[in-house]
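The values are calculated or read from the model by the stated rules, or taken from the named source; none is laboratory data. What you are looking at is a predicted structure, and each value in this text was computed from that prediction instead of being measured. For neighbour counting, all protein chains shown are included, and Cβ atoms are generated from backbone atoms with ideal geometry for every residue, glycine included. Please note that ligands, DNA and RNA were not included when accessible areas were found on the heavy atoms of the full protein model with its side chains. Shrake-Rupley method; radii C 1.70, N 1.55, O 1.52, S 1.80 Å.
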Amino acid sequence: MGKSTEIARAKARRLRGMIKESDGIALENERLKAEGRKEQAEARREEAQARASRAASGR
């Protein structure tokens, strides 16, 4: 799998996390908000790793 694909998947996952968080806010559900924030943080980490790996490979 290419690095661009990994970056795109991480961005999609971050968006899913944002949606979960906003649903949690709208529904006043703390667990859903926390899940959304956690998913966003993990996706940001994955995206940063993919970007670093792509930069290291010279692309």
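Structure above, values below:
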| read-out | value |
| --- | --- |
| Inter-probe distance in nm under a simple model that places probes 7 Å from Cα toward Cβ, at residue 42 and residue 22 | 2.1 |
| For the chain, accessible area per residue (1.4 Å probe, heavy atoms of protein chains only), Å² | 70 |
| Length gained when the stretch residue 4-residue 30 is fully extended (0.36 nm per residue, less Cα-Cα span) | 6.0 nm |
| Dipole magnitude of the chain about its Cα centre (Cβ charges: Lys, Arg +1; Asp, Glu -1), debye to nearest 20 | 380 |
| Solvent-accessible ranking of 35, 21, 47, largest area first, probe 1.4 Å | 35, 21, 47 |
| Protection proxy ranking, peptides 25-34, 2-11, average beta carbon neighbours within 10 Å, highest first | 2-11, 25-34 |
| Which of 34, 52, 22, positive extreme of dipole for the chain (C-beta unit charges) | 52 |
| Label selected from (1) 29, 9, 6; (2) 29, 13, 6; (3) 20, 14, 11, the criterion being semi-axes √(5λ) of the Cα gyration tensor in Å as computed here | (1) |
